[in-house]
């Protein structure tokens, strides 16, 4: 893009930074940037972008499956482009390979020996994909939430497995969102966007827990009061999704009021079995997640 050079004082020349770039990267008055002179001209970067490592070596040989899965997800979010892993045996390698296939979009195993492998990013981190990922995550999360209500209302357990697959899709989408936000969206806006994505993952975890409990208590008679409260909570989640993409202060107030009403009903709800108590707790967690997401959503719009 073409920018005009402005003179300040007898010998100082300045050029303005594009507003879209400064907002996306959280650059404001007092911020520091790196200015590098090269044969092709000047390059302006953020200090953390210059210093961020691209490769890491890790030893998984003493880790459990859960620890391997968690650490791989974190390394993916940390935007490493190459990960060299040492492992103990084929069982651990199979865990690594399965995690990459099921969860870590853009990673591939490109080298393998008896006790090590090299993972590499095969696609670029594109900032423009963040919006698409967030929209897709909301869609998948709402589909899972609404499907869970139908399972309870219609006592139709045939859809449970398909809905649980949506939770896995949610995990892939949020993990990739976190990676892209960390690599291309620094500053306050990136923090708030990351929190919303993380909250969507937490909401789906609660619906997943409800589905697991339904599948293990097939003969449980669920009180209609519990089902209606979950349905109201899911409608509130849908209203929050609309607010996220089309923000208004008036709708924010309405959502807060509805949240308060549902929360009061939940406090008065009588739960007499382990399943009912689990369902009430899951509804509480979903409500708290929605409420927590409101703050970040406000910040993204101001």
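Under a GNM of the chain (C-alpha, springs under 10 Å), which listed residue has the highest mean-square fluctuation: 275, 138, 245? Fluctuation is largest for 245.
Using just the C-alpha positions of region 29-186 as equal point scatterers, what log10 of I(q)/I(0) does the Debye formula give at each q in 0.10, 0.12 1/Å? Here log10 of I(q) over I(0) equals -0.51, -0.68.
In terms of the Cα gyration tensor, with a ≥ b ≥ c the square roots of its eigenvalues, is region 52-121 rounded because a/c is under 1.5, prolate because a/b exceeds b/c, or oblate?
Rounded, because the longest to shortest axis ratio a/c is under 1.5.
Top mean-square fluctuation among 266, 152, 13, Gaussian network model of the chain, C-alpha springs under 10 Å? Result: 13 has the largest fluctuation of those listed. Each residue in 197, 270 was given a count of other beta-carbon atoms within 10 angstrom of its own, and listing them fewest first yields 270, 197.
In the chain, the longest principal axis of the Cα atoms and the axis of helix 188-216 are about 30 degrees apart. Expressed in units of 2.2 N^0.38 Å, where N is the residue count, the Cα radius of gyration of region 129-287 is 1.08. Expressed as a fraction of 2.2 N^0.38 Å, the C-alpha radius of gyration for region 197-302 is 1.12.
Relative contact order of region 62-180: what whole-number percent is it, with Cα pairs under 8 angstrom and at least 6 residues apart?
Values: 126 pairs, mean separation 36.0, N = 119.
Here the relative contact order equals 30 percent.
Against the longest principal axis of the chain, how steep is helix 224-245, in degrees 0 to 90 to the nearest 10, with axes from Cα atoms? Computed tilt is about 20 degrees. Taking 16 Å as the cut-off, the amide N atoms of region 77-113 that come nearer than this to a point 7 Å along the Cα-to-beta-carbon line of residue 120 belong to 80-85, 106-113. With 20 Å bins beginning at zero, the pair-distance distribution over Cα atoms of the chain amounts to 27, 48, 22, 3, 0 %.
On a full-extension model of 0.36 nm per residue, what is the gain between residue 256 and residue 64, subtracting their alpha-carbon distance, rounded to one decimal in nm? Could the numbers behind the result be given before it?
Details: separation 192, 0.36 × 192 = 69.12 nm, distance 4.22 nm.
Here the segment from residue 256 to residue 64 would lengthen by 64.9 nm.
Output the relative contact order of the chain, whole-number percent, from Cα pairs under 8 angstrom with separation of 6+ residues.
Computed value for the chain: 16 percent relative contact order.
Tell me, in nm to one decimal, what length is gained between residue 44 and residue 136 on full extension, where the rule is 0.36 nm per residue of separation less the Cα-Cα distance? Write out the running numbers ahead of the final one.
Values: separation 92, 0.36 × 92 = 33.12 nm, distance 3.25 nm.
Taking residue 44 through residue 136 to full extension adds about 29.9 nm, to one decimal.
Take every DSSP beta bridge whose two residues both sit in the chain, then give the antiparallel share in percent to the nearest 5. Mind dumping the intermediate values first?
On the way: 18 of 23 bridges.
Within the chain, antiparallel bridges account for around 80 percent of the total.
Separation of region 207-285 from region 120-176 is 18 Å, based on Cα centroids.
Each value in this text was obtained by applying a stated rule to the coordinates, not by laboratory testing. Quantities reported herein were computed from a predicted structural model and do not represent experimental measurements. Methodologically, a virtual Cβ is constructed for each residue, glycine included, from the backbone with ideal geometry; neighbour enumeration extends over all protein chains shown.
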